[in-house]
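Undergrad: Take this structure, written in structure tokens, and hold onto it; I'll ask about it next.
Every number here is computed from the coordinates shown, using simple stated rules; none is lab data. This structure is a prediction, so every number in the text was calculated from the model and none was measured. Here the Cβ positions follow ideal geometry from the backbone for every residue, glycine too, while neighbour counts run over all protein chains shown.
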Amino acid sequence: MAEGKEQFKEHKGFTIRVLAVPEYSPHPPDIQFGYVGYVCRPSADIRYSPSRVNFSHAIPDLPNAEAAEHAGFAEGRSIIDGTHPDLSVDGL
């Protein structure tokens with residue numbers, strides 16, 4: 001975990017990218033976090049929205065950046081696995 005740095009993981013032929021976002025910055029210790037992220041194919045041109053599926057947890061209610069990244073990767077995997085209630089990788 002590197003706070004303020006986008007993290008990457010591969011899952012079933014897709015790339016998941018997650019960035020932990022603090023409630024506000026600069027921030028004191030014990031500030032809560034949310035996250036933003038997206039799922040794409042490794043060779044996708046991510047500048048174009050049809051090449052990726054965006055997701056986020058905009059409410060900063062996670063205790064730290066590590067927990068936010070963990071939750072972001074879990075949401076990304078659910079999109080890829082087809083268990084997310086609203087998002088899928090159909091068409092990527």
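Undergrad: What's the magnitude of the charge dipole for the chain around its Cα centre, counting Lys and Arg as +1 and Asp and Glu as -1 at the beta-carbon? Answer in Debye, nearest 20.
TA: On the way: 8 positive and 13 negative charges, 87 e Å.
The calculated dipole for the chain is roughly 420 debye.
Undergrad: Something else about it: Could you run the Karplus curve 6.51 cos²θ - 1.76 cosθ + 1.60 with θ = phi - 60° over region 41-46 and give me ³J(HN,Hα) per residue in whole Hz, x for Gly and Pro?
TA: 6, x, 9, 5, 8, 6
Undergrad: Right, here's the next one. Between Phe8 and Ser43, with labels modelled 7 Å along Cα→Cβ, what's the label distance in nm to one decimal, could you check?
TA: Going by the 7 Å Cα→Cβ label model, 1.5 nm.
Undergrad: At a threshold of 8 angstrom on Cα-Cα distance, excluding pairs fewer than six apart, so keeping six or more, what relative contact order does region 7-81 reach in percent?
TA: On the way: 145 pairs, mean separation 26.0, N = 75.
After rounding, I find 35 percent.
Undergrad: Which net charge results when you count Lys and Arg as +1 and Asp and Glu as -1 among the other residues whose beta-carbon is under 14 Å from that of Arg77? Numbers along the way, then the final one.
TA: Numbers: positive: Lys9, Lys12, Arg17; negative: Glu10, Glu69, Glu75, Asp81.
Local net charge: -1.
Undergrad: Which of Ser49, Ser78, Ser25 moves most in a GNM of the chain, Cα contacts under 10 Å?
TA: Taking springs between Cα atoms under 10 Å, the residue moving most is Ser25.
Undergrad: What are the trypsin sites (Lys or Arg not before Pro) within the chain that DSSP puts in a loop, where the Cβ has at most 16 other Cβ atoms within 10 Å? Intermediate values should be presented prior to the final figure.
TA: Numbers: sites: Lys5, Lys9, Lys12, Arg17, Arg47, Arg52, Arg77; in loops: Lys5, Lys12, Arg47.
Filter output for the chain: Lys5, Lys12, Arg47.
Undergrad: With just the Cα atoms of the chain, tell me how far they stretch along each of the three principal axes, in Å, largest first.
TA: For the chain, the Cα spread along each principal axis is 42, 25, 19 Å.
Undergrad: Provide the gained length on full extension for the span Ser25 to Ser78, in nm with one decimal, where the gain is 0.36 nm per separating residue minus the Cα-Cα distance.
TA: Answer, rounded to one decimal: 16.1 nm.
Undergrad: Let me ask something else about it. Give me Ile16, Ile46, Ile59 ranked fewest to most by other Cβ atoms within 10 Å of their Cβ, as a rough exposure proxy. Could you put the intermediate results ahead of the total?
TA: Numbers: Ile16 24, Ile46 12, Ile59 9.
Sorted ascending by nearby Cβ count, the order is Ile59, Ile46, Ile16.
Undergrad: Report the convex hull volume per residue for region 18-68, counting only C-alpha atoms, in Å³.
TA: Working: hull volume 4.4 nm³, N = 51.
Convex hull of Cα atoms, per residue: 85 Å³.
Undergrad: Here's a follow-up. Write out the chymotrypsin sites (Phe, Trp or Tyr not before Pro) in region 2-70 meeting two conditions: DSSP loop, and at most 14 other Cβ atoms within 10 Å of their Cβ. Don't skip to the end; give the middle numbers.
TA: Values: sites: Phe8, Phe14, Tyr24, Phe33, Tyr35, Tyr38, Tyr48, Phe55; in loops: Tyr24, Tyr48.
Answer in residue order: Tyr24, Tyr48.
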